[in-house]
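Enquirer: Mind looking over this structure? Questions follow.
The values are calculated or read from the model by the stated rules, or taken from the named source; none is laboratory data. These figures come from a predicted structure and were not determined experimentally. Neighbour counts are summed over all protein chains in view; Cβ atoms, including those assigned to glycine, are modelled from backbone coordinates with ideal geometry. Side chains are part of the model used for accessible areas, which takes the heavy atoms of the whole protein and leaves out ligands, DNA and RNA. Shrake-Rupley method; radii C 1.70, N 1.55, O 1.52, S 1.80 Å.
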Amino acid sequence: MMPSGIFPFLLVVYTVAQLVFPLRTRVPMWNSIWQVVTAHSPSFYHGYVGDIFTSMVKVFQDIAWTICFVVSGDWLIDEDLKQSTRHVWAHSFWYKNVLIPVICLLPLLFRFNQCLRKFLDTGKRFPHLANAAKYALSQTVTLFGAFHPLYMMHKDPNHHGVNLFQVR
Amino acid sequence: MGMCAVLGLWVCWDCVWGYVRDGYSTIGGRTAFPVFRACGGLLILQWCWSASVFIWTRYRVNYIYLFDFDPRIVSSPTTLFNEAVDNTLFFLVIMLLYYKVCASSSGGCTDFKLVESNCFSSNRNHYSYQTRPELTKFQT
């Protein structure tokens, strides 16, 4: 019998196809994203895209969850199985304490790099260095929220994961 | 867009109202819900970008110049909205199918066949004039 996970899998395949085709418009889009990631001579548009990325942390977390869901083959497992037998990777150290905090940090890091690059290109301390300081502070706040035990006190005392960023 | 609205209403009705009325679990409680959340987030981004381009075009903001776009590959707002509608339709249909299959396997609603037949008919209606030239004679 066909597993119910085939439907999310179909949606993933369709979404990936939409992100790749048509090449005429998608190649420039991915080039722009690459320039945002590398902070290579950022223009107004790259700053705009970087700002959008900082608002899409939750979506990026879900995309990471989706990639793990598809790659691990969990979409083939029946829905009626017990919760404990599903998504073992979602409770692993590398996912909760490494991947999810990194995903939270990366958009801020991209904007931070862009601000520093703009400062190097133009030599103007304001507003580029001020913006860089803002994003550096944001990264500190994110790291604090991810790893400070204060935010885990209300959770299971035997659990040392990053509960703030746990998807499910 | 009307079909998107109807399907969206259907999703809301089944996934939210079903929970309020009968105590069935919502689609948010399903295993693969983050997959739909991820694709839904990308869809919202596509809708927002389409709306932005529409407003910029409507009020003559030269975003092509501001963003350093290549004018030869810039899509019109209508094209962007059409793509967003197609993707939203696929998303909502898959979401409904997934929810119904899960609900029927766990003893909940069992109108999976209804969803399947409606999806087929809506697909025929939506793509009729684009892909079926024999129907264009009815277009007035």
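Enquirer: What about A:Ile52, is it in a helix (DSSP H, G or I), closer than 30 Å to B:Ala84 by Cα, in contact with a Leu (Cβ under 8 Å, 6 or more places away or on another chain) and open to solvent by 40 Å² or more (accessible area, probe 1.4 Å)? If you could, list the steps in order and put the result at the bottom.
Expert: Working: in a helix (DSSP H, G or I): yes; closer than 30 Å to B:Ala84 by Cα: yes; in contact with a Leu (Cβ under 8 Å, 6 or more places away or on another chain): yes; open to solvent by 40 Å² or more (accessible area, probe 1.4 Å): yes.
Taking the combined requirement at face value, the residue satisfies it.
Enquirer: Looking at the range A:37-54 only, could you name the residues that are closer than 17 Å to B:Leu45 by Cα and either touching a residue at least 24 places away in the same chain (Cβ under 8 Å) or not hydroxyl-bearing (Ser, Thr, Tyr) (or both)?
Expert: Taking the range A:37-54 first, the residues closer than 17 Å to B:Leu45 by Cα are A:45-54.
Within the range A:37-54, A:His46, A:Gly47, A:Val49, A:Gly50, A:Asp51, A:Ile52, A:Phe53, A:Thr54 meet the criteria.
Enquirer: Let me ask something additional. Is there any pair with a first residue in the range A:112-126 that is without any contact (Cβ under 8 Å) to a residue 24 or more places away in the chain and a second that is open to solvent by less than 70 Å² (accessible area, probe 1.4 Å) and in a helix (DSSP H, G or I) whose Cβ atoms are under 6 Å apart and which are 6 or more apart or on different chains, and what are they?
Expert: A:Cys115/A:His128; A:Cys115/A:Asn131; A:Cys115/A:Ala132; A:Phe119/A:His128; A:Phe119/A:Leu129
Enquirer: Further, regarding this structure: Return yes when A:Phe60 is in contact (Cβ under 8 Å) with a residue 40 or more places away in the chain, facing chain B (nearest Cβ under 10 Å), in a helix (DSSP H, G or I) and farther than 23 Å from B:Trp47 by Cβ and no when it is not.
Expert: Here the answer is no, as A:Phe60 does not meet what is asked.
Enquirer: Could you please tell me which pairs satisfy a Cβ distance under 6 Å, a separation of 6+ or placement on different chains, a first residue in the range A:137-157 that is on the phi < 0 side of the Ramachandran plot, and a second residue that is open to solvent by 80 Å² or more (accessible area, probe 1.4 Å) and at pLDDT below 70?
Expert: These pairs meet every condition: A:Gly145/A:Leu164; A:Tyr151/A:Leu164.
Enquirer: Out of the range B:29-46, which residues are modelled with pLDDT of 95 or more and open to solvent by 70 Å² or more (accessible area, probe 1.4 Å)?
Expert: Result: B:Ile44, single match.
Enquirer: Can you tell me how many residues within the range A:1-27 are in a helix (DSSP H, G or I) and more than 20 Å from B:Gly40 (Cα to Cα)?
Expert: Initial filter on the range A:1-27 (in a helix (DSSP H, G or I)): A:6-20, A:23-27.
Filter once more, keeping what is more than 20 Å from B:Gly40 (Cα to Cα): A:23-25, A:27.
The number of residues fulfilling the criteria is 4.
Enquirer: Further, regarding this structure: Can you report the number of residues in the range A:15-26 which are among the hydrophobic types (A, V, I, L, M, F, W, C) and facing another protein chain (nearest Cβ under 9 Å)? Reasoning before the result, please.
Expert: Residues of the range A:15-26 that are among the hydrophobic types (A, V, I, L, M, F, W, C), as a first pass: A:16-17, A:19-21, A:23.
Narrowing the set further to residues that are facing another protein chain (nearest Cβ under 9 Å) leaves A:19.
Qualifying residue count, the range A:15-26: 1.
Enquirer: Might you check whether a residue that is part of a helix (DSSP H, G or I), more than 10 Å from every other protein chain (Cβ to nearest Cβ), closer than 20 Å to A:Gln61 by Cα and touching a helix residue (DSSP H, G or I) at 6+ places or on another chain (Cβ under 7 Å) occurs anywhere in the range B:31-44?
Expert: no
Enquirer: Which condition does B:Val11 not pass, out of (1) modelled with pLDDT under 75; (2) assigned to a helix (DSSP H, G or I), if it passes all the others?
Expert: The single condition B:Val11 does not satisfy is (1).
Enquirer: From the list A:Val12, A:Val70, which residue is touching a Ser or Thr at 6+ places or on another chain (Cβ under 7 Å), open to solvent by 20 Å² or more (accessible area, probe 1.4 Å) and either of a type in the set (S, T, N, Q) or facing another protein chain (nearest Cβ under 9 Å) (or both)? Spell out the reasoning first.
Expert: On the way: A:Val70 fails: touching a Ser or Thr at 6+ places or on another chain (Cβ under 7 Å).
From the options A:Val12, A:Val70, the qualifying one is A:Val12.
Enquirer: Criterion first (open to solvent by 90 Å² or more (accessible area, probe 1.4 Å), modelled with pLDDT of 85 or more, part of a helix (DSSP H, G or I) and among the charged types (D, E, K, R)) does A:Lys134 satisfy it? Reasoning before the result, please.
Expert: Details: open to solvent by 90 Å² or more (accessible area, probe 1.4 Å): yes; modelled with pLDDT of 85 or more: yes; part of a helix (DSSP H, G or I): yes; among the charged types (D, E, K, R): yes.
For A:Lys134, the condition - open to solvent by 90 Å² or more (accessible area, probe 1.4 Å), modelled with pLDDT of 85 or more, part of a helix (DSSP H, G or I) and among the charged types (D, E, K, R) - is met.
Enquirer: Would you check if A:Trp30 is open to solvent by 60 Å² or more (accessible area, probe 1.4 Å), within 14 Å of chain B (Cβ to nearest Cβ) and either over 17 Å from B:Gly41 (Cβ atoms) or assigned to a helix (DSSP H, G or I) (or both)? Step through it out loud before you land on a result.
Expert: Values: open to solvent by 60 Å² or more (accessible area, probe 1.4 Å): yes; within 14 Å of chain B (Cβ to nearest Cβ): yes; either over 17 Å from B:Gly41 (Cβ atoms) or assigned to a helix (DSSP H, G or I) (or both): yes.
So A:Trp30 passes the test.
Enquirer: Of B:Ile73, B:Ile55, B:Ile94, B:Ile64, which residue is within 9 Å of chain A (Cβ to nearest Cβ) and open to solvent by 30 Å² or more (accessible area, probe 1.4 Å)?
Expert: Details: B:Ile55 fails: within 9 Å of chain A (Cβ to nearest Cβ); B:Ile94 fails: open to solvent by 30 Å² or more (accessible area, probe 1.4 Å); B:Ile64 fails: within 9 Å of chain A (Cβ to nearest Cβ).
The unique qualifying residue is B:Ile73.
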